[in-house]
Amino acid sequence: MNNDVTLDVFINNGMLDKAVARDIKDEMANSGKEVWETLIDFGIIGSPEDFWNVIATEVGAQYISLVDFYPPQEVLNMLPGPQARMHGALPVEYREGEGLYVCLEDPLNPQTIDDLRMATGQDIYLYVAADYEVRSRLQECYGGADAAMGDLLNEMSTMSVGSQDGAEEANSAPVIKFVNLVITQAIKEKASDIHLEPFEKEFKIRYRVDGALYEMAPPPVHLASPVISRVKVMAGMNIAERRVPQDGRIVMRLGEHSVDMRVNSLPTQYGESVVMRVLDRGSVSLDLNNLNLDPKLHEYIIDTVNKPNGIFVVTGPTGSGKTTTLYAALREVNTEDSKLLTAEDPVEYDIDGIVQVPINEAIGVTFPRVLRAFLRQDPDRILVGEIRDKDTAQIAIQAALTGHLVLSTLHTNDAAGAVTRFVDMGVQPFLLAATLLGVLGQRLVRTICPYCKTAYTPSNSLLARLGINPALIGQQQFYTGARCDKCAHTGYKGRKGIHELLNVTDPIKELITQNVPSIVLKQKAIELGMSTLRENGIQNIFEGHTTIEEVLKYT
């Protein structure tokens with residue numbers, strides 16, 4: 001269900017005001033809880049039944065419980081499995097002379113009723129039941145996403161590939177449906193990447209969810225070419241060219257919002273390996289208040305982005321949330337009296353009020369060239385997607401020296417390493433000391449699933465790897481995920497950042513000017529109060545947000 005539409009129902013009914021609705025949305029983004037759970041937490045309703053009764057009243061239907069109810073088989077037969085799964089519709093009753101009564105996963109979507117009417121030739125009427133009960137019964141009666149995938153795989157198994165690149169089959173209905181289902185399922189699972197990998201005897205499809213890869217049921221290996229060709233067609237890539245890497249972009253409309261995907265193909269021994277980076281704007285909160293930052297760090301970032309000039313850098317590996325942090329910071333100063341410019345490769349999030357420029361090196365639109373143009377555009381603040389080379393670094397320094405605030409990212413292992421990277425690129429240490437405001441090192445660790453969070457006692461060897469003396473932990477409680485249906489039996493649901501902040505104060509500036517090794521900088525910063533990534537990770541373990549294994553993996 002669309003959370004905005006759902007909350008509007010409660011606002012229109014006078015049960016909720018808009019300010020509280022904003023707080024509820026923020027809480028949902030932080031906790032990962034469903035809208036009905038959050039409304040209970042806020043005291044708006046007393047139980048799940050209260051929530052679904054309000055929804056039932058809104059659509060003029062009766063609320064029913066599916067706990068002990070199983071639809072008759074003759075009623076289930078009136079709506080085939082693929083259509084029931086696609087529409088999230090469970091048929092529950094047929095009345096002669098009236099029509100088919102169904103429960104929907106999303107009863108507030110009127111389009112579904114029209115689609116079902118067309119599909120069945122019957123008038124459609126609603127009952128309202130809890131969406132999790134509808135999902136459970138659909139899975140029991142028809143099978144879940146795996147069954148839908150199985151239907152398509154069976155349909156595709158008889159296909160033969162006529163052309164070498166599968167170009168004709170790429171536009172066949174089963175392949176189109178299969179690729180759409182793969183993408184839809186990935187977005188539903190909140191995957192950040194989809195990997196299509198052909199090998200000699202198998203064709204692997206894997207999702208990356210919360211930083212970990214999970215494999216789905218593989219299609220027959222001979223369908224690798226048409227499936228990959230279909231993705232290339234959707235991404236506007238040349239399907240006849242399979243010898244060189246290519247880049248493309250897919251924009252899909254799913255429900256109320258659009259999803260962007262950056263697509264890259266890589267020639268391998270057994271065909272092209274394709275990775276789709278999912279940029280689901282609906283699942284990312286570009287609000288600094290929703291990033292679960294330490295209060296001191298939150299205050300520091302707000303103070304820094306309001307400074308008139310200087311450079312602020314976020315470091316970390318690919319996929320550590322650097323761009324999200326910078327955009328959230330930039331939105332704090334996205335006001336009418338501030339000119340904001342960004343140069344990115346590619347533009348990941350469209351934000352009103354910010355002038356965004358996509359880098360395209362093939363036609364000469366490079367970071368240095370765009371940055372030089374930026375300086376003639378009278379900006380107040382500039383975001384550079386990544387500082388990769390000497391030219392970009394030097395122009396960023398020049399921009400900071402001439403009264404602009406520059407935000408950017410670097411790929412370094414820790415905050416202090418960013419200083420060494422700048423110097424290695426050819427930036428003079430005295431210029432860096434004069435312009436660098438701070439460096440934020442960042443990692444994303446998976447958070448423990450709130451539905452199956454369980455206390456446990458870690459082994460002494462695990463604590464020793466973390467650098468903790470078991471004799472000194474006292475009554476400290478440790479938690480792990482027991483693995484449940486809500487977290488796909490992983491024990492984790494969502495991610496949060498852990499950070500280390502190198503604040504470039506006068507003692508640090510002096511060391512930068514002296515061009516000391518990064519280890520010396522780091523030791524000085526720790527003396528001055530910097531909490532390292534590992535220390536911040538341990539704090540998150542003690543607060544019950546994540547596990548020892550996650551912190552050991554990323555720090």
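The values are calculated or read from the model by the stated rules, or taken from the named source; none is laboratory data. Since the model is a prediction, treat every value here as computed from it, not as a measurement. Ideal geometry is used to build each Cβ from the backbone, glycine not excepted, and the neighbour counts take in all protein chains shown. Protein only, heavy atoms only, side chains kept; ligands, DNA and RNA dropped before computing areas. Shrake-Rupley method; radii C 1.70, N 1.55, O 1.52, S 1.80 Å.
Let's test the formula: R0 of 41 Å, r as the Cβ-Cβ distance of GLN398 and TYR270. What FRET efficiency results, to the nearest 0.05? That gives a FRET efficiency of 0.30.
Please give the contour-minus-distance gain from GLU96 to ASN180: 0.36 nm per residue of separation, less the Cα-Cα distance, rounded to one decimal in nm. All intermediate terms of the calculation are to be shown ahead of the outcome.
Numbers: separation 84, 0.36 × 84 = 30.24 nm, distance 3.62 nm.
Gain on extension, GLU96 to ASN180, equals 26.6 nm.
The angle separating the long axis of helix 173-188 from the principal Cα axis of greatest extent in the chain is about 60 degrees.
Check each of the GluC sites (Glu not before Pro) in segment 326-362 and keep only those in coil by DSSP with at most 11 other C-beta atoms within 10 angstrom; list them in order. Let's see the in-between values first.
Details: sites: GLU332, GLU336, GLU344, GLU348, GLU361; in loops: GLU332, GLU336, GLU348.
Passing both the DSSP loop test and the Cβ count: GLU336.
Surface composition of the chain: carbon plus sulfur atoms contribute 47% of the solvent-accessible area (1.4 Å probe, protein chains only, all chains present). Separation of segment 20-90 and segment 387-415, taken as the distance between their Cα centroids, equals 49 angstrom. In segment 442-490, Rg over Rh equals 1.04, where Rg is the alpha-carbon radius of gyration and Rh the Kirkwood radius from pairwise Cα distances. With the cut-off at under 11 Å, measuring from each backbone N in segment 327-371 to a point 7 Å along the Cα-to-Cβ line of ILE302 picks out 332. Measuring from centroid to centroid over Cα atoms, what is the spacing of segment 340-360 and segment 473-502 in Å? A separation of 33 Å, based on Cα centres. Extending 7 Å from the Cα toward the beta-carbon at both GLU527 and ARG253 defines two label points whose distance is 6.2 nm. For the chain, take the longest principal axis of its alpha carbons; what is the angle in degrees between that and the long axis of helix 48-59, to the nearest 10 within 0 to 90? In the chain, helix 48-59 runs at an angle near 70 degrees to the longest axis.
Just to check, using Stokes-Einstein with a Kirkwood Rh over alpha carbon pairs, what's the diffusion coefficient of segment 1-126 at 37 °C and 0.692 mPa s in µm²/s? Write out the running numbers ahead of the final one.
Working: Rh = 16.0 Å.
Answer from the Stokes-Einstein relation: 206 µm²/s.
Could you give the length gained by full extension between LYS390 and MET15, i.e. 0.36 nm per residue of separation minus their alpha carbon distance, to one decimal place? Display every interim value, and only then the final one.
Working: separation 375, 0.36 × 375 = 135.00 nm, distance 5.74 nm.
Stretched fully, the LYS390-MET15 segment lengthens by 129.3 nm.
What's the ranking of 423-435, 308-320 by average number of surrounding C-beta atoms within 10 Å, highest first?
Details: 423-435: 16.5, 308-320: 19.8.
Going by the mean number of other Cβ atoms within 10 Å, highest first, we get 308-320, 423-435.
Near HIS87, once Lys and Arg are set to +1 and Asp and Glu to -1 for all other residues with Cβ below 10 Å from its Cβ, the sum equals -2. Contact order, relative form, for the chain: 9 percent (alpha carbon pairs under 8 Å, 6 or more residues apart, mean separation divided by residue count).
Measuring r between the beta carbons of ASP380 and ASN292 and using R0 = 22 Å, the FRET efficiency lands at 0.20. In the chain, the DSSP beta bridges split such that about 65 percent are antiparallel, to the nearest 5.
Let me know the whole percent of all Cα-Cα pairs from segment 260-366 that are separated by more than 18 Å. Tail fraction, whole percent: 60. Probing with 1.4 Å while keeping every protein chain in the model, the per residue accessible area of segment 492-537 equals 49 Å².
If R₀ is 45 angstrom, what is the calculated FRET efficiency for the pair LEU552 and PHE430, using the beta carbon separation as r and rounding to 0.05? After rounding to 0.05, the efficiency reads 0.70.
State to the nearest 20 debye the size of the charge dipole of the chain about its Cα centre, where the only charges are +1 on K and R beta carbons and -1 on D and E beta carbons. Don't skip to the answer; put the middle values down first.
Numbers: 51 positive and 73 negative charges, 423 e Å.
The dipole of the chain has a size of about 2040 debye.
For the chain, take the longest principal axis of its alpha carbons; what is the angle in degrees between that and the long axis of helix 322-331, to the nearest 10 within 0 to 90? Helix 322-331 sits roughly 90 degrees off the main axis of the chain. Here Cα extents along the principal axes in Å was calculated from the structure, and among (1) 86, 61, 55; (2) 87, 64, 51; (3) 70, 58, 53 it sits at label (1).
Under 15 Å from a point 7 Å along the Cα-to-Cβ line of ASP352: which residues of segment 2-41 have their amide N that close? Backbone N within reach: none found. Considering only PRO107, ILE519, ALA396, and ranking their Cα positions along the charge dipole of the chain that arises from unit charges at the beta-carbon of Lys, Arg, Asp and Glu, the one farthest toward the positive end is ILE519. Please give the Cα centre distance for segment 184-230 versus segment 114-138, rounded to the nearest Å. Centre-to-centre (Cα) distance: 30 Å. Solvent exposure of segment 351-484 amounts to 46 Å² per residue of accessible area, where only protein heavy atoms count and the probe is 1.4 Å. Model label sites at ALA373 and GLU200, defined 7 Å from Cα along the beta-carbon direction, differ in position by 4.9 nm.
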